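Data block below; observations after.
The values are calculated or read from the model by the stated rules, or taken from the named source; none is laboratory data. In this text the structure is predicted, and so the values were computed from the model without any measurement. Neighbour counts are summed over all protein chains in view; Cβ atoms, including those assigned to glycine, are modelled from backbone coordinates with ideal geometry.
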Amino acid sequence: MKNFLSVENVQSIRALVDKALDYKKNRLLDNHLGTGKTLGMLFFNPSLRTRVSTQVAARNLGMEVIVLNVEKEGWQLELDEGIVMDGSSTEHIKEAAAVLGQYFDILAVRTFPTLKDKTEDYSERIIGQFLKHAGVPVVSLESATLHPLQSLADLVTIKETFQEKRRPKVVMTWAPHVKPLPQSVPNSFAEWMNGWDEADFLITHPEGYELETKYTHNAKIEYNQDKALEGADYIYVKNWSSVTEYGKIINRDASWMITSRKIAMTNNSRVMHCLPVRRNVVIADEVLDGPNSIVIQQAGNRVWATQAVLAEILQNN
Ligand code: CP
């Protein structure tokens with residue numbers, strides 16, 4: 001693995017999940033792999049889990065880590081080519097990426113979508129510029145369209161919690177939210193579930209919330225949430241804004257919130273969410289505080305998933 005921007009960079013999902021679980025058993029298994037290497041983490045947007053779990057993962061491998069909050073601490077970056085830079089931008093992303101590539105062995109970047117311009121967001125211009133100009137491996141800490149470190153941790157969580165000798169039924173459900181949110185987590189989860197092929201995967205959302213088929217492939221879509229939840233072993237809960245009416249909230253139906261009544265329709269389903277989650281909007285207190293929720297274990301697994309990815313890159317570059 002040279003870069004980690006999507007599931008397409010992964011040779012074997014099964015092997016990467018197993019590697020993450022090996023690190024969970026022994027966090028210092030490869031604690032000299034990153035000795036003398038430095039990870040640069042660039043944040044264009046806020047983060048709690050990704051920011052901390054990636055630092056812990058890198059340190060478990062013996063790496064040094066430097067975090068830069070680009071929006072607050074860096075110069076305002078210009079993205080357009082051939083522009084006369086007489087406006088508010090001070091530095092072109094070409095120089096910034098190339099310079100940062102001189103300082104770090106791996107560069108990790110978080111950059112959210114605008115949710116205003118789909119063509120711009122789905123072109124992944126910011127992370128693409130780092131890929132082009134940094135000259136070192138680039139890791140996505142969540143980009144405009146995908147969140148692969150989250151998805152890997154999600155698969156690790158399903159793998160370690162499902163003990164039965166059959167394929168689990170995993171249902172990804174849209175849930176309401178007060179703000180328009182990116183499609184990166186559901187795009188990514190769909191893409192990884194399709195590539196994993198160790199579970200039966202179903203997506204449920206109100207009409208108008210269809211994701212790009214580039215990520216969902218042939219995943220079945222059921223518009224009736226109650227019907228979709230029947231027999232589910234896992235409910236993966238997430239809000240996202242509309243793709244067709246790009247970045248808009250087109251449904252606020254509170255009946256899509258995950259409550260204990262919804263859990264009763266399932267096969268005593270475990271409940272997952274990438275966090276942060278709005279309580280009693282997306283998932284009810286009774287579920288988040290109850291025995292079916294595995295959201296904390298899921299967030300904990302972010303460390304092992306990231307450690308597996310960083311180790312793969314260190315071993316292959
Ligand atoms: N799930 C996730 O990426 O959380 P943060 O935004 O807090 O990093």
Inset, instruction - Taking only the range 267-280 into account, find how many residues are of a type outside the set (Lys, Arg), over 19 Å from residue 46 (Cβ atoms) and in contact (Cβ under 8 Å) with a residue 40 or more places away in the chain. - result: 3
Inset, instruction - Just give me the residues in the range 46-67 being surrounded by fewer than 18 Cβ atoms within 10 Å (Cβ to Cβ) and in contact with a Gly (Cβ under 6 Å, 6 or more places away or on another chain), in sequence order. - result: 62, 66
Inset, instruction - Please note which helices (runs of 4 or more DSSP H) are completely contained in the range 187-270 and include at least 2 residues that are at pLDDT 95 or above and more than 20 Å from residue 292 (Cα to Cα). - result: 213-216
Inset, instruction - Assess whether residue 188 counts as being touching a Pro at 6+ places or on another chain (Cβ under 6 Å), within 16 Å of the ligand (Cβ to nearest atom) and of a type in the set (Ser, Thr, Tyr). - result: yes
Legend entry - Flag for residue 128 being modelled with pLDDT of 95 or more and either touching a Gly at 6+ places or on another chain (Cβ under 7 Å) or among the small types (Gly, Ala, Ser) (or both): yes
Inset, instruction - Filter the strands (runs of 3 or more DSSP E) completely within the range 32-130 down to those with at least 2 residues that are in contact (Cβ under 8 Å) with a residue 60 or more places away in the chain. - result: 38-43, 106-110
Legend entry - Hits in the range 47-83 (condition: touching a strand residue (DSSP E or B) at 6+ places or on another chain (Cβ under 8 Å), among the basic types (Lys, Arg) and within 16 Å of the ligand (Cβ to nearest atom)): 51
Legend entry - Single match in 175, 190 (criterion: closer than 18 Å to residue 249 by Cβ and crowded, with 23+ Cβ neighbours inside 10 Å): 175
Legend entry - Unmet requirement for residue 262, which otherwise passes all of (1) within 16 Å of the ligand (Cβ to nearest atom); (2) crowded, with 16+ Cβ neighbours inside 10 Å; (3) of a type in the set (Lys, Arg); (4) farther than 30 Å from residue 26 by Cα: (1)
Legend entry - Residue that is surrounded by the fewest Cβ atoms within 10 Å (Cβ to Cβ), among those in the range 21-45 that are closer than 25 Å to residue 277 by Cβ and within 16 Å of the ligand (Cβ to nearest atom): 45
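Looking at the range 205-228, is at least one residue aliphatic (A, V, I, L, M), buried (at least 21 other Cβ atoms within 10 Å of the Cβ) and in contact with a Leu (Cβ under 8 Å, 6 or more places away or on another chain)?
For the range 205-228, residues aliphatic (A, V, I, L, M), buried (at least 21 other Cβ atoms within 10 Å of the Cβ) and in contact with a Leu (Cβ under 8 Å, 6 or more places away or on another chain): present.
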Inset, instruction - Tell me, yes or no, whether the range 138-149 has at least one residue that is of a type outside the set (Ser, Thr, Tyr), away from the ligand (no atom under 16 Å from the Cβ) and modelled with pLDDT of 95 or more. - result: yes
